[in-house]
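Peer 1: Can you read through this structure? Questions will come right after.
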Amino acid sequence: MAKRVTGPEIEKLIQLLAKVPGLGPRSARRAALHLIKKKEQLLGPLGHAMDEAYHKVKICSCCGNVDTIDPCTVCSDVQRDQAVIIVVEDVSDLWALERAGAMNTAYHVLGGTLSPLDGVGPEDLNIKGLIDRVSVGGIRELIIAVNATVEGQATAHYITDRLTDLGVKITRLAHGVPVGGELDYLDEGTLTAALRARTAI
Ligand SMILES: [Zn+2]
């Protein structure tokens, strides 16, 4: 076993940072050391921001977006076309589409994809919330913007089947999204092209 080089508080910081996506143990050590060296400029403000986020963060009860208000900023934005809903897997996809700035619409975050092998069924996703939103009426179009993966496409089919009787126009992303591609990794131009070229399901 390696000898300890630092106290348990710093070890804990490293261990927690290592759980952040994109960071492994090695990057976590570098990040922790950087934070400690920039104690006043970075470590303090970061700790404060995390504490504030922890206490204020909310999941929007309408669309599933992450915000500090409920309904979220997107759902309460009267400048948006709230009759068009872009259905995404994750909040990161919502953010990516907003960065692309292609559409000025509402969203619905599913919270994942159907994956029977991993035990993820329809009841584990925010699908009932979507059906409820459409059932209330006033929705003109649903744009299914899930990842071009097997699970994503299976999820798209499931949603389409469930909503088809409600008489809402359902479209999906067409060109530009590579097979197996994740929306969050696409450049903004590709995303915009995919949205503009959406096709009816
Ligand atoms: Zn919302």
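FYI, it's all coordinate maths here, none of it is from the lab. What you are looking at is a predicted structure, and each value in this text was computed from that prediction instead of being measured. So basically every Cβ, Gly included, is an ideal-geometry build from the backbone, and we count neighbours across all protein chains shown.
Peer 1: Nearest 500 deg cm²/dmol is fine: what mean residue ellipticity at 222 nm does the chain get from its DSSP H runs of n ≥ 4 alone, each adding -39,500 (n - 2.57), divided by its residue count? Don't skip to the end; give the middle numbers.
Peer 2: Working: 7 runs with 79 residues, N = 201.
Calculated at 222 nm, the ellipticity per residue is -12000 deg cm²/dmol.
Peer 1: Given R₀ = 30 Å, FRET efficiency for residue 92-residue 3 by Cβ-Cβ distance, to 0.05? Write down the numbers at each step before the final one.
Peer 2: Numbers: r = 39 Å, r/R0 = 1.31.
So, using R0 = 30 Å, E works out to roughly 0.15.
Peer 1: Calculate, in whole percent, how much of the Cα-Cα pair population of the chain lies beyond 25 Å.
Peer 2: On the way: 9607 of 20100 pairs.
Roughly 48 percent, rounded to a whole number.
Peer 1: I would also like to ask the following. Of all trypsin sites (Lys or Arg not before Pro) in region 36-95, which ones are in loop regions per DSSP and have a Cβ with at most 16 other Cβ atoms within 10 Å? Working shown, then result.
Peer 2: Details: sites: 37, 38, 39, 56, 58, 80; in loops: 38, 80.
When the trypsin sites (Lys or Arg not before Pro) of region 36-95 are filtered for loop state and at most 16 Cβ neighbours within 10 Å, 38, 80 remain.
Peer 1: Which links in 12/37; 37/58; 58/128 stretch past 21 Å when you go from one Cα to the other?
Peer 2: Values: 12/37 17 Å; 37/58 32 Å; 58/128 19 Å.
In this structure, 37/58 lie more than 21 Å apart at Cα.
Peer 1: Can you give the extra length, in nm with one decimal, that the chain gains between residue 61 and residue 79 once fully stretched, where that is 0.36 nm per residue apart less the Cα-Cα distance? Intermediate values should be presented prior to the final figure.
Peer 2: Numbers: separation 18, 0.36 × 18 = 6.48 nm, distance 1.99 nm.
Extra length available between residue 61 and residue 79 comes to 4.5 nm.
Peer 1: Quote to one decimal, in nm, the extra length available between residue 70 and residue 19 on full extension: 0.36 nm per residue of separation minus the C-alpha distance between them. Don't skip to the end; give the middle numbers.
Peer 2: Values: separation 51, 0.36 × 51 = 18.36 nm, distance 2.81 nm.
Using 0.36 nm per residue and subtracting the Cα-Cα distance, I get 15.6 nm.
Peer 1: With unit charges on the beta carbon (Lys/Arg positive, Asp/Glu negative), name the residue among 125, 163, 148 whose Cα is farthest towards the positive pole of the charge dipole of region 80-172.
Peer 2: Of the listed residues, the answer is 163.
Peer 1: Need one number: % antiparallel among DSSP beta bridges in the chain, to the nearest 5. Each step should come with its number before you reach the end.
Peer 2: Values: 5 of 18 bridges.
Of those bridges, close to 30 percent are antiparallel.
Peer 1: How much of the DSSP beta bridge set in region 80-172 is antiparallel, as a percent to the nearest 5?
Peer 2: Details: 1 of 14 bridges.
Around 5 percent antiparallel, to the nearest 5.
Peer 1: Quote the FRET efficiency, to the nearest 0.05, computed for residue 54 versus residue 164 with a Förster distance R0 of 45 Å and r equal to the Cβ-Cβ distance. Could the numbers behind the result be given before it?
Peer 2: Details: r = 41 Å, r/R0 = 0.91.
Efficiency, rounded to the nearest 0.05: 0.65.
Peer 1: While we're on this one: Might you report the magnitude of the Cβ-based charge dipole of the chain about its Cα centre, with Lys and Arg at +1 and Asp and Glu at -1, to the nearest 20 debye?
Peer 2: Values: 22 positive and 25 negative charges, 168 e Å.
It comes to approximately 800 debye.
Peer 1: Additional query: Note down the nm distance, to one decimal, between modelled labels 7 Å out along Cα→Cβ at residue 123 and at residue 39.
Peer 2: 5.2
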